[in-house]
Amino acid sequence: MMTVREIAVQADVTSDAVRYYARIGLLHPKRNPKNGYRLFAAADVYRLRFMVRAKNLGFTLAEIRQIFFNIADGYSPCPQVRGILQQRIAENKNTIDELVALQARMEQAQNEWKDIPDGVANDKIFCHLIEQNNA
């Protein structure tokens, strides 16, 4: 059995992360009856490493929890994992496309504004650069 610090070192995460995952039910430590410390089994290291890998692939803690539920119910989580990853890839591509378009609008505005003098703000015009922009 390992303490919070020991499992954190084994899984290369912070002790705070281990405590958080235990608090939200993703890890299930035993309690030392003598001092109340949380004690983790070797299998918890694998579970924790899995969570780190899943998070690095963009899975949320809720999705990771559902994966564990599927495993506990005897189902392979692989179809669910593939589906989530496919959806996340599409979302990321959409976000990237939106960011590329935003970057282009920003660069265009910067080029258009470089020779325009600063204006004076009043109660009807806050910044003429933005207000006259067609983007």
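The values are calculated or read from the model by the stated rules, or taken from the named source; none is laboratory data. Fair warning: this is a prediction, and the values are worked out from it, not measured in the lab. Every residue, glycine as well, gets a Cβ built from its backbone with ideal geometry; the counts of neighbours run over all protein chains shown.
Please state which of the following conditions Ile116 fails to meet, knowing it meets all the rest: (1) among the β-branched types (Val, Ile, Thr); (2) touching a Leu at 6+ places or on another chain (Cβ under 9 Å); (3) in the same structural domain as Asp12 (by TED's automatic domain parsing). Here Ile116 clears every test but (3).
When each of Ile125, Ile96 is tested for being β-branched (Val, Ile, Thr) and over 30 Å from Gly58 (Cα atoms), the lone residue that passes is Ile125. For the range 116-135, indicate whether the set of residues that are surrounded by fewer than 10 Cβ atoms within 10 Å (Cβ to Cβ), free of Cβ contacts under 8 Å to residues at least 60 places away in the same chain and in a helix (DSSP H, G or I) is non-empty. No, there is no match, as no residue in the range 116-135 is surrounded by fewer than 10 Cβ atoms within 10 Å (Cβ to Cβ), free of Cβ contacts under 8 Å to residues at least 60 places away in the same chain and in a helix (DSSP H, G or I).
Condition check ((1) at pLDDT 95 or above; (2) hydrophobic (A, V, I, L, M, F, W, C); (3) surrounded by 10 or more Cβ atoms within 10 Å (Cβ to Cβ)) across all residues:
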| position | (1), (2), (3) |
| --- | --- |
| Tyr37 | no, no, yes |
| Phe40 | yes, yes, yes |
| Phe50 | yes, yes, yes |
| Ala62 | yes, yes, no |
| Ile84 | yes, yes, yes |
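Yes/no matrix, rows are residues, columns are (1) touching a helix residue (DSSP H, G or I) at 6+ places or on another chain (Cβ under 7 Å); (2) under 30 Å from Met1 (Cβ atoms); (3) in the same structural domain as Ala17 (by TED's automatic domain parsing):
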| residue | (1), (2), (3) |
| --- | --- |
| Ala43 | no, yes, yes |
| Asn56 | no, yes, yes |
| Glu63 | yes, yes, yes |
| Phe68 | no, yes, yes |
| Leu85 | no, no, no |
| Ile96 | no, no, no |
| Gln103 | no, no, no |
| Ala109 | no, no, no |
| His128 | no, no, no |
